[in-house]
Amino acid sequence: MRHLLILTLLTLTACGFHLRGSIEIPPYLKTLQLQDASPATRIASELQRALQDDGVTITDDAAQANAVLRLQSESFTRRVQAVDASGKAQEYGLRYNVVFSVLGPDGAVWLSNASASAMRDLRFDEGAVLGAGGEQEQLQAEMRAEAVRGILRQLARVTPVAADEPAAPGLGATP
């Protein structure tokens, strides 16, 4: 039994498995300038906290930064997914998406228009309208946290690009 456990752990580490929250940010991204979109996004403070927890220094001075993480946009949509016999909404599909880019210190685009997204379902009970608003807020917070993890995963794969090389396309939405 003990040998099986050791073999399983070795197999998981050999395939690159890491526990959630153990994302390795490359050394060339250890000092970042975080530029928020205008209007400001709700995810910026959560992302800054997560980056700092992973050992990244956030600076306001672009001259001190090794790279710039630019939050370009953030969107939250709610779409009716199911209705009852009288046509009233019974379930909504919630989608959160944030678009960002990573620029090198020379302004070269290392990652262009990448996105991180999350989706959830929200059941609507007409008898509990007050609770539905709180549940939606909680789901939005969960989706932002998932998007932060998606951004960190994409940052872990960013590679520096010289100013004269073409920009890397976005890595797409994260599951």
Single residue of region 57-90 satisfying the filter (aliphatic (A, V, I, L, M) and not in a strand (DSSP E or B)) that is surrounded by the most Cβ atoms within 10 Å (Cβ to Cβ): Ala65
Residue pairs meeting the criteria (Cβ under 8 Å; at least 6 apart or on separate chains; first surrounded by fewer than 16 Cβ atoms within 10 Å (Cβ to Cβ), in region 31-55; second part of a loop (DSSP other than H, G, I, E, B)): Gly55/Ile25; Gly55/Lys30
Among residues of region 78-107, those that are of a type in the set (Val, Ile, Thr) and under 19 Å from Ile151 (Cβ atoms), counted: 3
Candidates Gly93, Gly150, filtered to the one that is farther than 19 Å from Gln33 by Cβ, modelled with pLDDT of 85 or more and assigned to a strand (DSSP E or B): Gly93
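The values are calculated or read from the model by the stated rules, or taken from the named source; none is laboratory data. Here the structure is a predicted model, which is why all the values come from computation and not from measurement. Using ideal geometry, Cβ is built from the backbone for each residue, glycine included, and neighbour counts are taken over all protein chains shown.
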